[in-house]
Amino acid sequence: MDNRAIGFFDSGVGGLTSIPPVLKNLPYENIIYYGDTARAPYGSKSKETIEYFSSEITDFLAKHDVKMIVAACNTVSATCLDQLRTRHPEIPIIGVVSPTVKVAEKTCLSGDHVGVIATRATVKSGTYAKKIVEKRPDLKVFSTACPAFVPLIEEGIVKNRIMDLTIQYYLDSFIKENKIRDLILGCTHYPLIEEEIAKIYPDLRIISSSAEVSRAVELELKKIDGLAEPRKAEHLFFASDISNHFIDLLWRISEGNRDAFHVGIFHGQEF
Ligand code: DGL
(Lines give C-alpha, C1' and ligand atoms only; values in the text may rest on other atoms or scores of the structure.)
Protein backbone atom coordinates (compact mmCIF):
# COMPACT_ATOMS: atom_id res chain seq x y z
CA MET A 1 0.00 0.00 0.00
CA ASP A 2 1.21 3.49 -0.81
CA ASN A 3 -0.89 6.60 -0.16
CA ARG A 4 1.38 9.01 -2.02
CA ALA A 5 -0.05 10.77 -5.08
CA ILE A 6 0.23 9.83 -8.74
CA GLY A 7 1.79 12.63 -10.82
CA PHE A 8 0.34 13.51 -14.22
CA PHE A 9 1.59 16.15 -16.61
CA ASP A 10 0.98 17.61 -20.04
CA SER A 11 1.76 20.78 -21.95
CA GLY A 12 -1.68 22.10 -21.00
CA VAL A 13 -5.28 20.95 -20.67
CA GLY A 14 -4.88 17.83 -22.86
CA GLY A 15 -3.67 15.53 -20.10
CA LEU A 16 -6.89 16.28 -18.18
CA THR A 17 -8.62 13.91 -20.63
CA SER A 18 -6.68 11.04 -19.02
CA ILE A 19 -8.00 11.83 -15.53
CA PRO A 20 -11.73 10.81 -15.48
CA PRO A 21 -11.18 7.04 -15.90
CA VAL A 22 -8.52 7.16 -13.17
CA LEU A 23 -10.92 8.96 -10.80
CA LYS A 24 -13.54 6.33 -11.58
CA ASN A 25 -11.41 3.17 -11.47
CA LEU A 26 -8.95 4.18 -8.77
CA PRO A 27 -11.08 6.40 -6.47
CA TYR A 28 -8.67 6.32 -3.50
CA GLU A 29 -5.70 7.64 -5.44
CA ASN A 30 -4.50 11.21 -4.88
CA ILE A 31 -3.50 13.02 -8.07
CA ILE A 32 -1.07 15.85 -8.65
CA TYR A 33 -1.42 17.29 -12.16
CA TYR A 34 0.81 19.83 -13.87
CA GLY A 35 -0.31 21.54 -17.07
CA ASP A 36 2.37 23.70 -18.63
CA THR A 37 -0.23 26.05 -20.11
CA ALA A 38 2.19 28.98 -20.26
CA ARG A 39 4.54 27.11 -22.60
CA ALA A 40 2.09 25.03 -24.68
CA PRO A 41 2.12 23.84 -27.38
CA TYR A 42 5.03 21.43 -27.03
CA GLY A 43 4.35 19.66 -30.32
CA SER A 44 5.88 22.35 -32.51
CA LYS A 45 9.04 22.64 -30.41
CA SER A 46 12.34 20.81 -30.76
CA LYS A 47 13.00 17.48 -29.06
CA GLU A 48 15.60 19.21 -26.84
CA THR A 49 13.11 21.84 -25.64
CA ILE A 50 10.42 19.23 -25.00
CA GLU A 51 12.90 17.20 -22.96
CA TYR A 52 14.03 20.31 -21.04
CA PHE A 53 10.47 21.37 -20.14
CA SER A 54 9.36 17.88 -19.18
CA SER A 55 12.50 17.29 -17.07
CA GLU A 56 11.60 20.40 -15.06
CA ILE A 57 8.09 19.10 -14.53
CA THR A 58 9.17 15.58 -13.53
CA ASP A 59 11.61 17.18 -11.04
CA PHE A 60 8.70 19.22 -9.66
CA LEU A 61 6.53 16.11 -9.31
CA ALA A 62 9.43 14.21 -7.73
CA LYS A 63 9.72 17.02 -5.13
CA HIS A 64 6.06 16.37 -4.35
CA ASP A 65 7.08 12.79 -3.61
CA VAL A 66 4.78 11.14 -6.18
CA LYS A 67 4.82 7.34 -6.35
CA MET A 68 4.56 7.22 -10.14
CA ILE A 69 4.39 9.65 -13.06
CA VAL A 70 2.13 9.56 -16.09
CA ALA A 71 3.40 11.59 -19.03
CA ALA A 72 -0.16 12.35 -20.17
CA CYS A 73 1.23 13.84 -23.34
CA ASN A 74 1.93 11.94 -26.54
CA THR A 75 4.57 14.44 -27.60
CA VAL A 76 6.61 13.78 -24.45
CA SER A 77 5.86 10.04 -24.57
CA ALA A 78 7.02 9.80 -28.18
CA THR A 79 10.15 11.93 -27.90
CA CYS A 80 11.83 11.70 -24.48
CA LEU A 81 10.27 9.09 -22.18
CA ASP A 82 13.54 7.12 -21.90
CA GLN A 83 15.46 10.26 -20.94
CA LEU A 84 12.92 11.04 -18.19
CA ARG A 85 13.18 7.47 -16.90
CA THR A 86 16.96 7.76 -16.77
CA ARG A 87 16.65 11.08 -14.90
CA HIS A 88 14.28 9.57 -12.30
CA PRO A 89 15.10 5.89 -11.97
CA GLU A 90 13.42 5.94 -8.53
CA ILE A 91 9.94 6.66 -9.96
CA PRO A 92 8.07 4.48 -12.45
CA ILE A 93 7.15 6.68 -15.44
CA ILE A 94 4.58 5.61 -18.00
CA GLY A 95 3.58 7.30 -21.24
CA VAL A 96 0.40 7.31 -23.29
CA VAL A 97 1.64 6.02 -26.65
CA SER A 98 1.91 2.34 -25.65
CA PRO A 99 -1.61 2.22 -24.12
CA THR A 100 -3.02 3.84 -27.29
CA VAL A 101 -1.17 1.36 -29.50
CA LYS A 102 -2.60 -1.43 -27.35
CA VAL A 103 -6.16 -0.29 -28.20
CA ALA A 104 -5.31 -0.26 -31.93
CA GLU A 105 -3.63 -3.65 -31.62
CA LYS A 106 -6.78 -5.13 -30.07
CA THR A 107 -9.41 -3.48 -32.23
CA CYS A 108 -8.17 -2.88 -35.80
CA LEU A 109 -9.09 -5.40 -38.46
CA SER A 110 -6.48 -7.08 -40.65
CA GLY A 111 -5.53 -4.92 -43.64
CA ASP A 112 -6.98 -1.76 -42.06
CA HIS A 113 -5.55 1.60 -43.02
CA VAL A 114 -4.88 3.31 -39.70
CA GLY A 115 -4.49 7.08 -39.53
CA VAL A 116 -2.52 8.72 -36.73
CA ILE A 117 -3.16 12.39 -36.08
CA ALA A 118 -0.77 14.05 -33.67
CA THR A 119 1.56 16.98 -33.12
CA ARG A 120 4.50 17.65 -35.44
CA ALA A 121 7.02 16.30 -32.92
CA THR A 122 5.05 13.06 -32.40
CA VAL A 123 4.67 12.48 -36.14
CA LYS A 124 8.34 13.30 -36.75
CA SER A 125 9.40 10.77 -34.09
CA GLY A 126 7.74 7.95 -36.06
CA THR A 127 7.00 6.26 -32.72
CA TYR A 128 3.36 5.38 -33.44
CA ALA A 129 3.98 3.85 -36.87
CA LYS A 130 6.94 1.85 -35.51
CA LYS A 131 5.11 0.50 -32.47
CA ILE A 132 1.91 -0.36 -34.36
CA VAL A 133 3.66 -2.21 -37.17
CA GLU A 134 5.83 -4.08 -34.63
CA LYS A 135 2.65 -5.49 -33.05
CA ARG A 136 0.42 -5.67 -36.11
CA PRO A 137 2.43 -5.93 -39.37
CA ASP A 138 -0.88 -6.51 -41.19
CA LEU A 139 -1.91 -2.87 -40.67
CA LYS A 140 -0.93 0.06 -42.84
CA VAL A 141 -0.20 3.24 -40.90
CA PHE A 142 -0.46 6.82 -42.20
CA SER A 143 0.38 9.83 -40.04
CA THR A 144 -0.28 13.52 -40.28
CA ALA A 145 0.44 16.48 -38.02
CA CYS A 146 -2.37 18.88 -37.08
CA PRO A 147 -0.47 21.72 -35.37
CA ALA A 148 -3.38 24.19 -35.17
CA PHE A 149 -5.59 21.90 -33.07
CA VAL A 150 -3.77 22.36 -29.74
CA PRO A 151 -3.69 26.21 -29.72
CA LEU A 152 -7.40 26.28 -30.63
CA ILE A 153 -8.26 23.73 -27.94
CA GLU A 154 -6.17 25.61 -25.32
CA GLU A 155 -8.23 28.70 -26.25
CA GLY A 156 -11.46 26.75 -25.81
CA ILE A 157 -12.33 27.17 -29.53
CA VAL A 158 -13.91 23.77 -29.88
CA LYS A 159 -17.60 23.62 -30.62
CA ASN A 160 -17.85 26.00 -33.53
CA ARG A 161 -17.29 26.53 -37.22
CA ILE A 162 -13.62 27.50 -36.90
CA MET A 163 -12.83 24.11 -35.39
CA ASP A 164 -14.99 22.27 -37.94
CA LEU A 165 -13.15 23.99 -40.81
CA THR A 166 -9.77 23.27 -39.20
CA ILE A 167 -10.68 19.59 -38.87
CA GLN A 168 -11.68 19.47 -42.53
CA TYR A 169 -8.54 21.35 -43.55
CA TYR A 170 -6.31 18.73 -41.96
CA LEU A 171 -8.36 15.58 -42.42
CA ASP A 172 -10.46 15.71 -45.61
CA SER A 173 -7.80 14.66 -48.10
CA PHE A 174 -5.78 12.68 -45.54
CA ILE A 175 -8.74 10.39 -44.86
CA LYS A 176 -9.95 10.13 -48.46
CA GLU A 177 -6.61 9.66 -50.21
CA ASN A 178 -5.32 7.09 -47.72
CA LYS A 179 -8.68 5.32 -47.29
CA ILE A 180 -8.39 5.61 -43.50
CA ARG A 181 -10.75 3.36 -41.53
CA ASP A 182 -9.39 3.80 -38.00
CA LEU A 183 -8.19 7.15 -36.68
CA ILE A 184 -5.88 7.28 -33.68
CA LEU A 185 -6.10 10.46 -31.63
CA GLY A 186 -2.36 10.65 -31.00
CA CYS A 187 -2.53 13.73 -28.79
CA THR A 188 -4.27 13.93 -25.41
CA HIS A 189 -5.86 17.24 -26.42
CA TYR A 190 -7.78 15.63 -29.28
CA PRO A 191 -10.42 13.74 -27.25
CA LEU A 192 -11.75 17.26 -26.59
CA ILE A 193 -12.69 17.45 -30.31
CA GLU A 194 -13.59 13.78 -30.74
CA GLU A 195 -17.31 14.55 -31.09
CA GLU A 196 -16.61 17.14 -33.78
CA ILE A 197 -14.42 14.71 -35.76
CA ALA A 198 -17.02 11.95 -35.42
CA LYS A 199 -19.76 14.29 -36.60
CA ILE A 200 -17.84 15.19 -39.79
CA TYR A 201 -16.60 11.63 -40.52
CA PRO A 202 -19.29 9.30 -39.14
CA ASP A 203 -17.81 6.17 -40.77
CA LEU A 204 -14.45 6.53 -39.08
CA ARG A 205 -13.58 4.38 -36.05
CA ILE A 206 -11.92 6.70 -33.59
CA ILE A 207 -9.32 5.34 -31.18
CA SER A 208 -8.36 7.24 -28.05
CA SER A 209 -6.58 5.97 -25.01
CA SER A 210 -7.81 7.39 -21.71
CA ALA A 211 -9.47 4.13 -20.55
CA GLU A 212 -6.37 2.14 -21.46
CA VAL A 213 -4.10 4.67 -19.71
CA SER A 214 -6.06 4.15 -16.51
CA ARG A 215 -5.60 0.37 -16.89
CA ALA A 216 -1.85 0.87 -17.39
CA VAL A 217 -1.72 3.00 -14.21
CA GLU A 218 -3.56 0.32 -12.24
CA LEU A 219 -1.28 -2.46 -13.54
CA GLU A 220 1.83 -0.49 -12.66
CA LEU A 221 0.55 0.27 -9.15
CA LYS A 222 -0.31 -3.37 -8.56
CA LYS A 223 3.13 -4.39 -9.79
CA ILE A 224 4.87 -2.15 -7.23
CA ASP A 225 2.30 -2.82 -4.49
CA GLY A 226 1.49 0.87 -4.71
CA LEU A 227 -2.31 1.09 -4.54
CA ALA A 228 -3.67 3.53 -1.94
CA GLU A 229 -5.76 2.49 1.05
CA PRO A 230 -9.50 3.17 0.94
CA ARG A 231 -9.97 6.82 1.98
CA LYS A 232 -11.16 10.13 0.55
CA ALA A 233 -8.76 11.19 -2.17
CA GLU A 234 -7.50 14.77 -2.70
CA HIS A 235 -6.39 16.18 -6.05
CA LEU A 236 -4.02 19.02 -6.72
CA PHE A 237 -3.97 20.71 -10.14
CA PHE A 238 -1.16 23.08 -11.06
CA ALA A 239 -0.78 25.10 -14.21
CA SER A 240 1.94 27.50 -15.24
CA ASP A 241 -0.82 29.90 -16.31
CA ILE A 242 -4.40 29.43 -15.20
CA SER A 243 -6.93 30.06 -17.95
CA ASN A 244 -10.71 30.05 -17.64
CA HIS A 245 -10.74 27.07 -19.97
CA PHE A 246 -8.42 25.11 -17.65
CA ILE A 247 -10.74 25.83 -14.70
CA ASP A 248 -13.87 24.99 -16.74
CA LEU A 249 -12.44 21.63 -17.78
CA LEU A 250 -11.37 20.91 -14.25
CA TRP A 251 -14.86 21.51 -12.85
CA ARG A 252 -16.27 19.40 -15.63
CA ILE A 253 -14.11 16.40 -14.71
CA SER A 254 -14.67 16.91 -10.97
CA GLU A 255 -18.31 15.84 -11.49
CA GLY A 256 -19.73 17.58 -8.44
CA ASN A 257 -16.81 16.53 -6.22
CA ARG A 258 -15.25 19.99 -6.25
CA ASP A 259 -14.15 20.01 -2.63
CA ALA A 260 -11.57 17.32 -3.45
CA PHE A 261 -10.09 19.49 -6.24
CA HIS A 262 -7.51 22.13 -5.40
CA VAL A 263 -6.04 24.46 -7.99
CA GLY A 264 -2.65 26.16 -7.86
CA ILE A 265 -0.57 28.32 -10.13
CA PHE A 266 3.09 27.46 -10.35
CA HIS A 267 5.17 29.53 -12.71
CA GLY A 268 8.24 27.42 -12.48
CA GLN A 269 10.67 29.76 -10.66
CA GLU A 270 11.51 26.99 -8.21
CA PHE A 271 11.78 24.20 -10.72
N1 DGL B 1 -1.32 16.98 -25.36
C2 DGL B 1 -0.03 16.79 -25.90
C3 DGL B 1 0.10 15.56 -26.70
O4 DGL B 1 -0.55 14.57 -26.35
C5 DGL B 1 0.77 17.98 -26.34
C6 DGL B 1 0.23 18.88 -27.36
C7 DGL B 1 1.12 20.10 -27.56
O8 DGL B 1 1.44 20.76 -26.58
O9 DGL B 1 1.47 20.37 -28.70
O10 DGL B 1 0.83 15.48 -27.65
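The values are calculated or read from the model by the stated rules, or taken from the named source; none is laboratory data. A quick note: this is a predicted structure, and the numbers were derived from the prediction, not measured. Side chains are part of the model used for accessible areas, which takes the heavy atoms of the whole protein and leaves out ligands, DNA and RNA. Shrake-Rupley method; radii C 1.70, N 1.55, O 1.52, S 1.80 Å.
Observations on the structure shown:
- Cα gyration tensor, region 40-124 - rounded (a/c under 1.5), prolate or oblate: oblate
- Fraction of beta bridges assigned by DSSP in the chain that are antiparallel (%, nearest 5): 0 percent
- Listed residues Ile94, Ile247, Ile132, most fluctuating in the chain (Gaussian network, C-alpha, under 10 Å): Ile247
- Cut-off under 5 Å, modelled amide H: who pairs with Val263 long-range: Phe237
- Reachable aspartates and glutamates from Lys176, criterion Cα separation under 12 angstrom, eight or more residues apart if same chain: Asp203
- Relative contact order %, the chain, counting alpha carbon pairs below 8 Å whose residues are six or more apart: 28 percent
- Quarter of the Cα convex hull surface for the chain, i.e. its orientation-mean projected area (nm²): 13.5 nm²
- Karplus-derived HN-Hα couplings along region 16-23 (A = 6.51, B = -1.76, C = 1.60, θ = phi - 60°), whole Hz, x at Gly and Pro: 4, 5, 7, 6, x, x, 5, 4
- Per residue, in Å², the accessible surface of region 1-75 once ligands and nucleic acids are set aside, probe 1.4 Å: 31 Å²
- Whether region 155-268 is rounded, prolate or oblate, judged on the alpha carbon gyration tensor where a/c under 1.5 counts as rounded: oblate
- In sequence order, region 185-202 has phi-based couplings of 7, x, 8, 5, 6, 5, x, 6, 10, 4, 4, 5, 5, 5, 5, 7, 10, x Hz under the Karplus curve 6.51 cos²θ - 1.76 cosθ + 1.60, θ = phi - 60°, and Gly or Pro positions carry x.
- Cα-based reach from Lys45 at 16 Å (exclusive), listing lysines while leaving out same-chain residues under 8 positions away: Lys124
- Distance between region 91-154 and region 159-179 - C-alpha centres, whole angstrom: 18 Å
- Applying a threshold of 30 Å to the alpha-carbon distances of Lys135/Lys179; Lys159/Lys222; Lys24/Lys199; Lys106/Lys199 flags Lys159/Lys222 as lying beyond it.
- For Ile32, distant residues with modelled amide H under 5 Å away: Ile6, Gly7, Phe8, Leu236
- Percent accessible area from carbon and sulfur atoms, the chain, protein chains only, probe 1.4 Å: 52 percent
- Choice from Thr100, Thr144, Thr166 with maximal GNM fluctuation in the chain (Cα, 10 Å cutoff): Thr166
- Every helix of 4 or more DSSP H residues in the chain counts as -39500 (n - 2.57), and over all residues that averages to -12500 deg cm²/dmol at 222 nm.
- Sorted largest first, extent of region 35-193 alpha carbons per principal axis (Å): 48, 37, 23
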